[in-house]
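The values are calculated or read from the model by the stated rules, or taken from the named source; none is laboratory data. Since the model is a prediction, treat every value here as computed from it, not as a measurement. Neighbour counts are summed over all protein chains in view; Cβ atoms, including those assigned to glycine, are modelled from backbone coordinates with ideal geometry. Side chains are part of the model used for accessible areas, which takes the heavy atoms of the whole protein and leaves out ligands, DNA and RNA. Shrake-Rupley method; radii C 1.70, N 1.55, O 1.52, S 1.80 Å.
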Amino acid sequence: MEKTDVLVIGGGATGTGILRDLALRGVDAILVEQQDLAYGTSSRFHGLLHSGARYAVGDPESARECREENAILKRIARGCVDDTGGLFVLLPGDDPGYAEEWLAACRRAGINAREISAAEALRLEPSLNPALERAFRVPDASINGFALVWANVGSAAVHGARVYTYTKVDRIILRDGAVSGAQLTDLRKGEQRRIECRLIVNATGAWAGRIARLAGCELSILASKGSLLVFNHRVTNRVVNRLRRPGDGDIIVPQDTVAVLGTTSVTVDGPEHPGSSRTEIDRLLLLGRDLVPGLDERRVLRSFAGVRPLYQESGGAGEQPADGRAVARQFALIDHGRQGVRGLITVVGGKLTTYRLMAEQAGNLVCTQLGHDAACRTADEVLLPEVTPAQIKRLQRYFSFPVSHKLAKRLGRADLEHLLGILGRDGWKRQFVCECEQVCLAELEWRATGGSWLRLGDLRCRTRFGMGTCQGTICAARAIGQLYQDGLFDLGRARRLLAEFLDERWMGNREVLWGDQLRERLYARSVYLNLHNFQKEADDYGL
Ligand SMILES: Cc1cc2nc3c(=O)[nH]c(=O)nc-3n(C[C@H](O)[C@H](O)[C@H](O)COP(=O)(O)OP(=O)(O)OC[C@H]3O[C@@H](n4cnc5c(N)ncnc54)[C@H](O)[C@@H]3O)c2cc1C
């Protein structure tokens, strides 16, 4: 049995943020995640680092929090943020009175919203609706959830924290009304284990109600599903918001080489396997073309969905659940001691943008309960140290200037140094496994041999291979072939890993099959059936 002071449950932005917060304060902590890191909403979201402008009218407290955290994350986590800037645009037919109300609310919240002419907006973003009536610049940005989660864990580990993925909490153990540990299943080995602890922090997002119930506590979480569409290039270079009351299909976020349009809001039973319906997809395309004419004719790579964990303070049994858009985006920090269970803390709700603040407040409560006197350091201590110009120069021995910069941003200083070490020994490993996302063999092999992963998709999330236009058709076979040659697994496992990977990619493709995307999938199918003789796997997985 392992022992720690604090057990953090949940490997999303909130849980990993808490782990880092505690580790930097010198608190002994373990994080457990039932799947791989960022399995939940922290990877199934829009990718918008909010300036707060979206919430200025309806939720001023969230707006203020977002404004402050936006500035902090741009400073401490530059490697995870693409500081694109944002535009709010008023379209014909939308309420012009709302624009004034919004502008005044932004001023009250301290958000820097600056009007520019329609002509200037169209010069900056030529794809936008040419009939737009007003436009405002705001400090919105794009943020990479995977990179953020991994950076938090990397920093926490340096300060002594432990992390176990594919480890699910099944039971919370109580002694005399206080938490004393948890029983877990190691899903890799199928074994049960226990961790003894003084406190548990429940950071399981849309699963938070279930964890609270394991300790006999009530917690009302509204699960609000949102669907998103990924276009195969950057439709706009800035985040674009439609200037009206928050609704469906009113934001486009550029993410690396692609753009994401969203979202919808549909109340669902729980967080498992959220998928996008054709109705949602049609609605998004219909609304998206108001912002960008012809958007519905552009190529959609995939759809995906996530579940917002919205905390409802008074939503006890028997009450009607509220509509997702009506619930405030503020977060809740709950000490279940008030419900008679000492040592259990839940932190839930909020936004990915405010994860650090959520972690700070949870960390403060943990320290108070442990009697540990240490201040929070996460607002000042850089999360992902940036690469140096000298490193970029060395990288350019192997890659072109743009590729070097892309890799440098993805890896950060420490990981890049490691990669440079490998390339210094085996320069030929600069060859790309994935051209779309520029993932080289050295990076793939290093991630595959150096960390704990179970599925090929876990390596995809660490490197981004398979996320581009071919959606794994070419690069997945290359990757698995190389790792098999390296002796990481036998042939049977190689085939299973590949089939599972293709199935996962297929889940996001199947609702968006028309035009070029349909041609691409038919091509992928023929590659795997005819070239790799994958008939059995295709049947098993319904490819
Ligand atoms: C469609 C959509 C769009 C969004 N867009 C934005 C946006 O643009 N900007 C923004 O700031 N926010 C956005 N959000 C909100 C944001 O994504 C979430 O608030 C945030 O990611 C929640 O993070 P979390 O760590 O609390 O939860 P999660 O990321 O869901 O993490 C919880 C983790 O707990 C794990 N877990 C659950 N049960 C157990 C168990 N028994 N044992 C071990 N582990 C367990 C889960 O596997 C999961 O990985 C969006 C949300 C949605 C749904």
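Numbers below:
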item: Pairs where the first residue, in the range 205-218, is on the phi > 0 side of the Ramachandran plot and at pLDDT 95 or above and the second is part of a helix (DSSP H, G or I) and buried (at least 22 other Cβ atoms within 10 Å of the Cβ), C-beta under 7 Å, 6+ apart; result: Gly205/Thr14
item: Single residue of Leu261, Leu228, Leu285 found to be at pLDDT 95 or above, more than 30 Å from Gly15 (Cα to Cα) and not small (Gly, Ala, Ser); result: Leu285
item: Considering residues of the range 259-282 that are within 21 Å of Asn129 (Cβ to Cβ) and in a strand (DSSP E or B) only, the residue nearest to the ligand (Cβ to nearest atom); result: Gly262
item: Any hit, the range 151-161, residues being open to solvent by 10 Å² or more (accessible area, probe 1.4 Å), outside any helix (DSSP H, G or I) and either in contact with a Leu (Cβ under 9 Å, 6 or more places away or on another chain) or within 10 Å of the ligand (Cβ to nearest atom) (or both); result: yes
item: Scan of the range 304-331 for residues that are open to solvent by 10 Å² or more (accessible area, probe 1.4 Å), at pLDDT 90 or above and not charged (D, E, K, R), ordered by number; result: Phe304, Pro309, Phe331
item: Qualifying residue in the range 457-467 (condition: in contact with a helix residue (DSSP H, G or I) (Cβ under 6 Å, 6 or more places away or on another chain) and at positive phi); result: yes
item: Residue within the range 60-70 that is more than 30 Å from Leu344 (Cβ to Cβ) and away from the ligand (no atom under 13 Å from the Cβ) present; result: yes
item: Selection status of Gly472, open to solvent by less than 20 Å² (accessible area, probe 1.4 Å), of a type in the set (Gly, Ala, Ser), modelled with pLDDT under 90 and touching a Gly at 6+ places or on another chain (Cβ under 7 Å); result: yes
item: Sole residue being near the ligand (Cβ under 7 Å from one of its atoms), within 23 Å of Gly270 (Cβ to Cβ) and in a helix (DSSP H, G or I), chosen from Gly40, Gly15, Gly11; result: Gly15
item: Any hit, the range 142-157, residues being more than 30 Å from Gly26 (Cα to Cα), at pLDDT 95 or above and within 20 Å of the chain's Cα centre (by Cα); result: yes
item: Hey, Ala161 within 26 Å of Arg464 (Cβ to Cβ), touching a residue at least 12 places away in the same chain (Cβ under 8 Å) and touching a strand residue (DSSP E or B) at 6+ places or on another chain (Cβ under 8 Å) or not; result: yes
item: Leading residue by the ranking (farthest from the ligand (Cβ to nearest atom)) among those in the range 119-150 that are free of Cβ contacts under 8 Å to residues at least 40 places away in the same chain and open to solvent by 30 Å² or more (accessible area, probe 1.4 Å); result: Ala119
item: Residue check for Trp102: closer than 30 Å to Ser452 by Cβ and aromatic (Phe, Trp, Tyr); result: no
item: Residues of the range 162-180 satisfying the condition of being charged (D, E, K, R) and not in a strand (DSSP E or B); result: Asp176
item: Which numbered condition Leu219 fails, given (1) within 15 Å of the ligand (Cβ to nearest atom); (2) within 26 Å of Cys80 (Cα to Cα); (3) of a type in the set (A, V, I, L, M, F, W, C); result: (2)
item: Helices (runs of 4 or more DSSP H) wholly inside the range 323-431 containing at least 2 residues that are over 21 Å from Ala29 (Cα atoms) and away from the ligand (no atom under 16 Å from the Cβ); result: 389-395, 401-425
item: All positions within the range 43-96 that are in a loop (DSSP other than H, G, I, E, B), of a type in the set (Gly, Ala, Ser) and open to solvent by 10 Å² or more (accessible area, probe 1.4 Å); result: Ser43, Gly58, Gly85, Gly93
item: Test: residue in the range 97-116 that is open to solvent by less than 70 Å² (accessible area, probe 1.4 Å), of a type in the set (D, E, K, R) and either more than 20 Å from Leu357 (Cα to Cα) or touching a Cys at 6+ places or on another chain (Cβ under 8 Å) (or both); result: no
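Conditions tested, residue by residue: (1) open to solvent by 30 Å² or more (accessible area, probe 1.4 Å); (2) in a loop (DSSP other than H, G, I, E, B); (3) of a type in the set (Val, Ile, Thr).
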residue: Ile211; (1), (2), (3): no, no, yes
residue: Gly216; (1), (2), (3): yes, yes, no
residue: His233; (1), (2), (3): yes, yes, no
residue: Leu285; (1), (2), (3): no, no, no
